[in-house]
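Everything on this sheet refers to the single structure shown next.
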Amino acid sequence: MKIDLLIAEIGSTTTLVNGFMGMHSGKAEFIGQGLAPTSVLAGDVMEGLLRAIEDLKQKLAIDKLEWEEFMATSSAAGGLKMTVHGLVKDMTVKAAREAALGAGAVIRKVTAGKLKEYHLKEIEEINPNIILLAGGVDYGEEEVILHNASLLKKLKINPPLIYAGNSALQSEIKELFAGTEKRLLITENVYPEIDRLNVEAARKVIHQIFAKHIVKAPGMNKIKDMLSSPMLPTPGAVMEISKILYQKISNLVTIDVGGATTDVHSVTEDSASVGRILISPEPLAKRTVEGDLGVFLNADQVFEILKKEKIIDKRVDLAPLPRDEAEAEYIYQLAEIAAKTAVNRHAGQLRDFYGAGGRQTVAEGKDLTAVKWIIGTGGALTRLTDGEKILNKVKGEAIKKLIPPEEARILIDHNYIMASLGVMGQKYPEQALQLGLKSIAREDILERFVERK
C-alpha cells in the first residue's frame, strides 16, 4: 500500500505515526495511527519509529507500507534549551520569552538590563541550544544592547544567537560578530513599539534552527534524511495548528498533557472588559510549558500536588503506556491536576491597587475569558475515556484568575493528530484545517465548520 503522507511524532515517551491520503485531491483523509514506546534509551529513535510503522501496518492489515512524503515533529531530544536576554523585564524580555515559548523552547535563563561577567558562566553551564538577544524599541535604547552583544560575543560556547532587538542596530550587531565563529541570525524586533509585540518572525527563525541544528536524539539523523519538509518541535507544531484553527473557529485554548510536560497554547483576543484594564500587551498566540507537570517522566512531581491537596496518598508505578485499569485511573488523576494547574499558571489575573482616586482594578497576563473552545490533545487527554470531563475542570467564573468561562465548549483531538497537522500545515494549510476540524468536531458543530462537498 502506498499513501500520500506519513507523519511521525517522536515524543519523550511514545512515538506515533499518522497516515494520510487525498493530499492532492482536496479531500484529505486520515487513515490510521501506529504507536510504540520511544527508543531514546535504546540508543536509536529509529527503532521506535519502525515499531510504530509496524503497528500501523497491523492496524491497516497490510504487509507493506510506502509513502510519497514523510514529515515529522520531535520533542525526544528534551526540547530546545534557550536563554533570553533583553532590556526591560516587562517589555522586551517578555516579548522575547513569548517568541521562544511559542516556538517550542524551554527557557532556562532570563536576564533584563546589562549582562555581567558572571552571567556568561551561568549561560555556559546551561549550554543552551539557542540564545535570544532582544532589547529596545526601534530607534530607541542602544547602549545596553550593544553592551550585551559584546559580552555574549565572549562566550566559550557557540550556539546560534538570534538578534531580535532594536532594528536600528542590526548593522552594528552584524559588524560586531563579523569575523567570529558565532552563528548570528538577525530578525525583526520582538517589541518594535511601546505596547506592540511582534513575535512571529522570531518564532520562525527558532523553528529553522531546530530543523537544521537541534535534533540530537540518538538516531535522529536517519529520520532527518527521510524528511520531505523541515522537522518542527512538537510544541511548536501544536501552536501552528492552533493558529490555523483559530482562523476558522475563533478564540481557543489547546491543552496538551504529555509524559514530560503540560503545554498550554492560547490563541485568543482579550474580552472587551479585560482589554480596557490590561496594563501591558499580550500576544494573540501564547504558549506556556510546565516542565514539572507530566504524567510519566514527571509523574512523581504531579503526585506531590495531588498529595498536598489530599486527593490521593498512594503513588503508582507507571509504564509509558498504561498496562491496566489501575494505571489508567492514576494517569487520569495526574492529567486532571496537570491540566488545571497549567491553565491557572498560563492565565493572567486581576489585581487591585489603591491610589489617590481609591481602589482600582487592573488586569495583567493572558486573558482567557473570551475563549470559546477548549481543545484537548496529547496522549492522556485523547486516549483517556473522560478527557472532556478533565477539561471541564479548567473552566470557571473569573474572580481573580482570567481563566476560560463556563460557557466555553470542550473539544477533543479524537484522532490525536494535532502536532502532525501543525507540520502538515507548513505545506498544506487547507488540508490541515480540514483534518483538524474533523478530528475535534462533535456532530453538533461539524456542520458549522466543516464544508461538505
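The values are calculated or read from the model by the stated rules, or taken from the named source; none is laboratory data. These numbers come from a predicted model, not from an experiment. Backbone-built Cβ (ideal geometry, glycine too); neighbour counts: all protein chains shown.
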Of the listed residues (A201, A178), the one being assigned by TED's automatic domain parsing to the domain that holds V88, out of contact with any strand residue (DSSP E or B) (no Cβ under 8 Å at 6 or more places or on another chain), of a type in the set (G, A, S) and farther than 30 Å from E364 by Cα is A178
Filter segment 143-188 for residues that are touching a Lys or Arg at 6+ places or on another chain (Cβ under 7 Å) and among the basic types (K, R); the one that is nearest to A202 (Cα to Cα) is K182
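Residues to consider are I403, I445, I440; find the one that is buried (at least 22 other Cβ atoms within 10 Å of the Cβ) and either within 27 Å of L227 (Cα to Cα) or modelled with pLDDT under 95 (or both).
I440
A quick yes/no check of all residues on (1) modelled with pLDDT of 95 or more; (2) among the aromatic types (F, W, Y); (3) touching a His at 6+ places or on another chain (Cβ under 9 Å):
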position: P128; (1), (2), (3): no, no, no
position: G136; (1), (2), (3): no, no, no
position: G140; (1), (2), (3): no, no, no
position: V144; (1), (2), (3): yes, no, no
position: L151; (1), (2), (3): yes, no, yes
position: L161; (1), (2), (3): yes, no, no
Residue pairs within 6 Å by beta carbon, gap of at least six or interchain, first lying in segment 302-325 and assigned by TED's automatic domain parsing to the domain that holds L384 and farther than 14 Å from A380 by Cβ, second in a helix (DSSP H, G or I) and aliphatic (A, V, I, L, M), listed first then second, are I305/I337; L306/I337; I312/L306
- Might you let me know whether segment 263-280 holds any residue that is at pLDDT 90 or above, touching a Pro at 6+ places or on another chain (Cβ under 8 Å) and in a helix (DSSP H, G or I)? no
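Is it true that some residue in segment 237-244 is among the acidic types (D, E), not in a loop (DSSP other than H, G, I, E, B) and not assigned by TED's automatic domain parsing to the domain that holds Y191? Talk me through it step by step, then tell me what you get.
So the first thing to find is which residues in segment 237-244 are among the acidic types (D, E), and the list is 240.
From the residues that got through so far, the ones that are not in a loop (DSSP other than H, G, I, E, B) too are 240.
If we keep only those that are not assigned by TED's automatic domain parsing to the domain that holds Y191 as well, we get 240.
Yes, segment 237-244 contains at least one residue that is among the acidic types (D, E), not in a loop (DSSP other than H, G, I, E, B) and not assigned by TED's automatic domain parsing to the domain that holds Y191.
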*State whether the residues of segment 129-142 include one that is assigned by TED's automatic domain parsing to the domain that holds E188, surrounded by fewer than 20 Cβ atoms within 10 Å (Cβ to Cβ) and over 21 Å from I186 (Cα atoms).*
no
Report yes if A326 is part of a helix (DSSP H, G or I), under 18 Å from the mean Cα position of the chain (by Cα) and either surrounded by fewer than 19 Cβ atoms within 10 Å (Cβ to Cβ) or not hydroxyl-bearing (S, T, Y) (or both), otherwise no.
no
